[in-house]
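Colleague: Before we start, here is the structure in question, set down as structure tokens.
The values are calculated or read from the model by the stated rules, or taken from the named source; none is laboratory data. Since the model is a prediction, treat every value here as computed from it, not as a measurement. Cβ atoms come from the backbone with ideal geometry, glycine included; neighbour counts cover every protein chain shown.
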Amino acid sequence: MLKLRNRHGFTLVEIMIVVAIIALLAAIAIPNLLRARHNANEAASIAAVRTISTACESFRAAQTPTSYPANLAALSAATPAYIDAGLAGATAAGTARQGYFYTYALVNANQFTCTASPAVSGTTGTRIFFVDESGVIRLNNVSGLPIE
């Protein structure tokens, strides 16, 4: 009868237990990680909408006669630039910045709207943010509730 004197390594059962523990930890951690990224995208979008609103007001104050910019590109093309080119270029889902893209519309010389929409609804974000010349950031549209 053979005896194994110097047994080295792990048994199959030990390896399966370790794999099961790792799978359990991953099942707990991954949804939380995805939710954290989702929340970070929404927070970044709120900050970007606030930046756009402030930039529009600064742009308007520097114009004679006063007028809001025609588009986001005008804010980044100004000297000095009011926003960076990356934010100004995030105007479609394919060019989204941190999961959101921005739709800017000049209503008239004294009114504008800007809407931040998730590039992939439910994945990069779920809420839509809106701001106009009032500077109040709202959910969805002008009649939406203020976010803060």
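Colleague: I'd like to verify a number: residues in the range 42-74 that are more than 15 Å from I147 (Cα to Cα) and of a type outside the set (S, T, Y), how many?
Modeller: 16
Colleague: Please enumerate the residues belonging to the range 130-148 that are polar (S, T, N, Q) and modelled with pLDDT of 75 or more.
Modeller: S134, N140 - these are the residues of the range 130-148 that are polar (S, T, N, Q) and modelled with pLDDT of 75 or more.
Colleague: Considering each residue of the range 119-140, count those that are touching a strand residue (DSSP E or B) at 6+ places or on another chain (Cβ under 8 Å) and either closer than 23 Å to A74 by Cα or of a type in the set (A, V, I, L, M) (or both), and give that number.
Modeller: Number of matching residues: 10.
Colleague: Determine if the range 23-41 includes at least one residue that is modelled with pLDDT under 95, outside any helix (DSSP H, G or I) and more than 30 Å from A85 (Cα to Cα).
Modeller: Among the residues of the range 23-41, not one is modelled with pLDDT under 95, outside any helix (DSSP H, G or I) and more than 30 Å from A85 (Cα to Cα), which makes the answer no.
Colleague: Which of the residues belonging to the range 110-128 are crowded, with 18+ Cβ neighbours inside 10 Å, farther than 17 Å from G144 by Cα and of a type in the set (V, I, T)?
Modeller: T124
Colleague: Here's another thing I want to ask about it. All but one of (1) aliphatic (A, V, I, L, M); (2) touching a residue at least 40 places away in the same chain (Cβ under 8 Å); (3) in contact with a Leu (Cβ under 7 Å, 6 or more places away or on another chain) hold for V49; state the number of the condition that does not hold.
Modeller: (3)
Colleague: A follow-up question, please. Quick one: is I28 out of contact with any Leu (no Cβ under 6 Å at 6 or more places or on another chain), in contact (Cβ under 8 Å) with a residue 24 or more places away in the chain and of a type outside the set (S, T, N, Q)?
Modeller: no
Colleague: Would you check which residues across the range 68-90 are over 13 Å from the mean Cα position of the chain (by Cα) and under 22 Å from N141 (Cα atoms) and list them?
Modeller: Y68, P69, A70, N71, L72, A88, G89
Colleague: Residue check: is T95 of a type in the set (S, T, N, Q), surrounded by 15 or more Cβ atoms within 10 Å (Cβ to Cβ) and at negative phi?
Modeller: no
Colleague: Only one of Y82, Y100 is touching a strand residue (DSSP E or B) at 6+ places or on another chain (Cβ under 7 Å) and hydroxyl-bearing (S, T, Y). Can you tell me which?
Modeller: Y100
Colleague: Do we have any residue at all in the range 18-40 that's loosely packed, with under 13 Cβ neighbours inside 10 Å and over 30 Å from G122 (Cα atoms)?
Modeller: The answer is yes, given that some residue of the range 18-40 is loosely packed, with under 13 Cβ neighbours inside 10 Å and over 30 Å from G122 (Cα atoms).
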